[in-house]
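Enquirer: This is the structure I have questions about; it appears just below.
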Amino acid sequence: MPGALQRPAVVSRVSDLVGYTPLLELASTGTGSRLLLKLEMFNPTGTAKIRMARAMVDAAEAAGELRPGGRIVESTSGNTGLGLAVIAAERGYVFTAVVDHHACPDKLRGMKALGTELVYVVDDGTEELATAAREELAEEMARGQDNTVFTEQHNNPANGVGYFPVAHELHEALGGRIDVLIGAVGTGGALCGTGRELRKLMSGFTVVGVEPKGSIAFGGPAHDYYQSGTGTPEGAEIGALVDFDLIDEGVKVGDVQAFATCRAVARTGLLIGGSAGGVVHEALARLPSLPPGTTMVALVNDGGEKYMDTVFDDDWMRARGLLDPEVEREIEELLTKLRGNR
């Protein structure tokens, strides 16, 4: 990114490596429209969520809620937990992550390797998403405990603040030439935090939110889904950071399409995570019909390396009825066509 923000050549903490992530042109049209991916997997832990993990801890420290030797508690499906694990390790805090088996195993193993205490809200091996139960247990564990904070990512304003730098990175890299910003909607922090700050820097762009089919933020029907770290499952409250006034359009992408997109994109040399597959699927579907010269930026919140046991495992996919070679071929053909215009 010519002229983009730069970090120092040498840093002293892992968290100093957060940000300044690159943009990749994945596809373009003959009319000059292009799809750029903001590759947040180039952050430490391979995910965007370390941005908001750091911001939430900063806010707790500034408010006097967290002091040296304290404990952080969070309900997480993995990526937020990985970010908090890094920040806790750097600053000498104990970190307790309340999790379920819906999370990708590599994320759970990663948190444990970083010194995190894992507490399973359901420990019978079921893969069912248990967001509401996780939130309840995390809140209970922190309640009344001295020097202990439940960061509560779904309702913590610092979550959105953590993504403000993304807006500045995009603005500087693209000189204000952004027409569509598209991203996954879970807590709402990444898309809405970026979009809100970007609206202070420029105008005239559309914000598109993507959630899994089965999630309820953009309406029903509700049902189980396998995309992790995104969406709002039945029984969970829609996060306070999901700003419906900011999001111009909300759409849903099913697991089959999201994961087929991950697998098709992998054949271009890029590994992206499951929810990012949903975002890229929607972006690719829109790209050919966009006005000439449109620049669409998709927020790719994590990489695919954590999904070798799930999205990129044929047996796992087949056992859950998610493997569809025909859908993969269709996406691969579209990608080939659009990449030929670059």
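Enquirer: I'm trying to understand the selection: among the residues of the range 206-215, which are buried (at least 19 other Cβ atoms within 10 Å of the Cβ) and farther than 19 Å from LYS49 by Cβ?
Expert: VAL207, VAL208, LYS213, GLY214
Enquirer: Restricting the search to the range 184-233, which residues are closer than 16 Å to GLU169 by Cβ and in a loop (DSSP other than H, G, I, E, B)?
Expert: Within the range 184-233, MET202, PHE205 meet the criteria.
Enquirer: Another one. Of the conditions (1) farther than 25 Å from THR232 by Cβ; (2) in contact with a strand residue (DSSP E or B) (Cβ under 7 Å, 6 or more places away or on another chain); (3) open to solvent by less than 10 Å² (accessible area, probe 1.4 Å), VAL94 satisfies every one except a single condition; which number is it?
Expert: Every condition holds for VAL94 apart from (3).
Residue-wise test of (1) of a type in the set (Asp, Glu); (2) out of contact with any Gly (no Cβ under 7 Å at 6 or more places or on another chain); (3) under 27 Å from THR194 (Cα atoms).
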position: GLY32; (1), (2), (3): no, no, yes
position: GLY78; (1), (2), (3): no, no, yes
position: GLU90; (1), (2), (3): yes, yes, yes
position: THR96; (1), (2), (3): no, yes, no
position: LYS107; (1), (2), (3): no, no, yes
position: ALA113; (1), (2), (3): no, yes, no
position: THR116; (1), (2), (3): no, no, no
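Enquirer: I would also like to ask the following. Name the single residue, out of those in the range 14-42 being in contact with a Pro (Cβ under 7 Å, 6 or more places away or on another chain) and of a type in the set (A, V, I, L, M), that is surrounded by the most Cβ atoms within 10 Å (Cβ to Cβ).
Expert: Taking the candidates together, the pick is VAL18.
Enquirer: Could you check how many residues of the range 48-72 are under 17 Å from LEU17 (Cα atoms) and assigned to a loop (DSSP other than H, G, I, E, B)?
Expert: Qualifying residue count for the region: 1.
Condition check ((1) at pLDDT below 95; (2) in contact with a Gly (Cβ under 6 Å, 6 or more places away or on another chain); (3) over 24 Å from ASP58 (Cα atoms)) across all residues:
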| site | (1), (2), (3) |
| --- | --- |
| ALA158 | no, no, no |
| HIS171 | no, no, yes |
| ALA184 | no, no, yes |
| GLY195 | no, no, no |
| LYS200 | no, no, no |
| VAL208 | no, no, yes |
| PRO212 | no, yes, yes |
| GLY220 | yes, no, yes |
| PRO233 | yes, no, yes |
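Enquirer: Among the residues of the range 291-311, is there at least one that is surrounded by fewer than 19 Cβ atoms within 10 Å (Cβ to Cβ) and aromatic (Phe, Trp, Tyr)?
Expert: No, that holds for no residue.
Enquirer: Continuing with the same structure: Suppose we filter the range 131-156 for residues that are touching a helix residue (DSSP H, G or I) at 6+ places or on another chain (Cβ under 8 Å) and under 22 Å from CYS192 (Cβ atoms); how many remain?
Expert: Selection size over the range 131-156: 7.
Enquirer: To continue, here is another question. What about SER228, is it within 25 Å of ALA53 (Cβ to Cβ) and at pLDDT below 95?
Expert: So SER228 fits the description; yes.
The values are calculated or read from the model by the stated rules, or taken from the named source; none is laboratory data. All values reported here derive from a predicted model rather than from experimental measurement. Positions of Cβ are backbone-derived with ideal geometry, glycine not excepted, and every protein chain shown enters the neighbour counts. When the accessible area is computed, the model is the full protein with side chains, heavy atoms only, and any ligands, DNA or RNA have been set aside. Shrake-Rupley method; radii C 1.70, N 1.55, O 1.52, S 1.80 Å.
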